[in-house]
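Student: Shown below is the structure under consideration.
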Amino acid sequence: MLVNLKDIFVGGAPITIGYAMDLSKEEVPGGGFPFSEPVRVSGRIENRAGVVQLHAAVHAVRHTVCDRCLSPISQPMHVEFENVLVTESQGDDSDELLVCSEQTLDMDALAKTNLFLSLPMKELCRPNCKGICPQCGKNLNDGPCGCKPQGHPAFLKLREFLQ
Ligand SMILES: [Zn+2]
Ligand SMILES: [Zn+2]
């Protein structure tokens, strides 16, 4: 969604933003397409004494699998952000400042960037996920599998060699 900022920059009425966007075909930096459900974007733009401020939030549910045990994960996400919108660069631009030189705001791109920046580095179904057994494939979160503990691959090779 492109938001027209022409009026708000000259002191116009606040703008309320509320819509859903489709990110189902957007691959995330870590790989995969976790946003199969519509992502909701909401926000408000206000001109307060000449300073144009955006407060916005993105609501999404991330559908992915655990990096260790491959169990499905459905994780709600709520990402809030604030920006000061300006028509031209101020020289010492902080992250908060957003230059909208065409007097429009690409809300889709901004919401997507903020959502993707808050993705975790690792997808884990729980902080202490035990993963799957490399020998039998059992999910070790459901209990031990009874396989003999495997040594370091280098030692296994050595054992093979000595037999
Ligand atoms: Zn897991
Ligand atoms: Zn096992």
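Student: Does residue 79 satisfy the criteria of being over 17 Å from residue 118 (Cβ atoms) and surrounded by 16 or more Cβ atoms within 10 Å (Cβ to Cβ)?
Tutor: no
Student: Tell me whether segment 133-142 contains one or more residues that are away from ligand 1 (no atom under 16 Å from the Cβ) and open to solvent by less than 30 Å² (accessible area, probe 1.4 Å).
Tutor: No, segment 133-142 has no match at all.
Student: Going by the structure shown, is residue 50 open to solvent by 50 Å² or more (accessible area, probe 1.4 Å), under 22 Å from residue 97 (Cβ atoms) and either more than 26 Å from the chain's Cα centre (by Cα) or not charged (D, E, K, R) (or both)?
Tutor: Considered against the rule, which asks whether it is open to solvent by 50 Å² or more (accessible area, probe 1.4 Å), under 22 Å from residue 97 (Cβ atoms) and either more than 26 Å from the chain's Cα centre (by Cα) or not charged (D, E, K, R) (or both), residue 50 comes out as yes.
Student: If you go through segment 82-98, how many residues are part of a strand (DSSP E or B) and surrounded by fewer than 13 Cβ atoms within 10 Å (Cβ to Cβ)?
Tutor: 1
Student: Further question: Out of (1) outside any helix (DSSP H, G or I); (2) modelled with pLDDT of 95 or more; (3) open to solvent by 50 Å² or more (accessible area, probe 1.4 Å), the odd one out for residue 101 is which?
Tutor: Status for residue 101: all satisfied but (2).
Student: Turning to a different aspect of this structure: Among the residues of segment 24-47, is any modelled with pLDDT of 95 or more, in a helix (DSSP H, G or I) and not aromatic (Phe, Trp, Tyr)?
Tutor: no
Student: Same structure, new question: With the structure loaded, tell me whether residue 94 is closer than 24 Å to residue 108 by Cβ, more than 16 Å from ligand 2 (Cβ to nearest atom) and among the polar types (S, T, N, Q) or whether it fails that test.
Tutor: yes
Student: So, one more: Give segment 104-132 a look and list any residue that's away from ligand 1 (no atom under 16 Å from the Cβ), open to solvent by 70 Å² or more (accessible area, probe 1.4 Å) and touching a residue at least 40 places away in the same chain (Cβ under 8 Å), or say none.
Tutor: The one that is away from ligand 1 (no atom under 16 Å from the Cβ), open to solvent by 70 Å² or more (accessible area, probe 1.4 Å) and touching a residue at least 40 places away in the same chain (Cβ under 8 Å): 106.
The values are calculated or read from the model by the stated rules, or taken from the named source; none is laboratory data. Just so we're clear, the structure is a prediction, and the values are computed from it rather than from any experiment. Neighbour counts run over all protein chains shown; Cβ positions are idealised from the backbone, glycine included. With ligands, DNA and RNA removed, areas are computed over all heavy atoms of the protein, side chains included. Shrake-Rupley method; radii C 1.70, N 1.55, O 1.52, S 1.80 Å.
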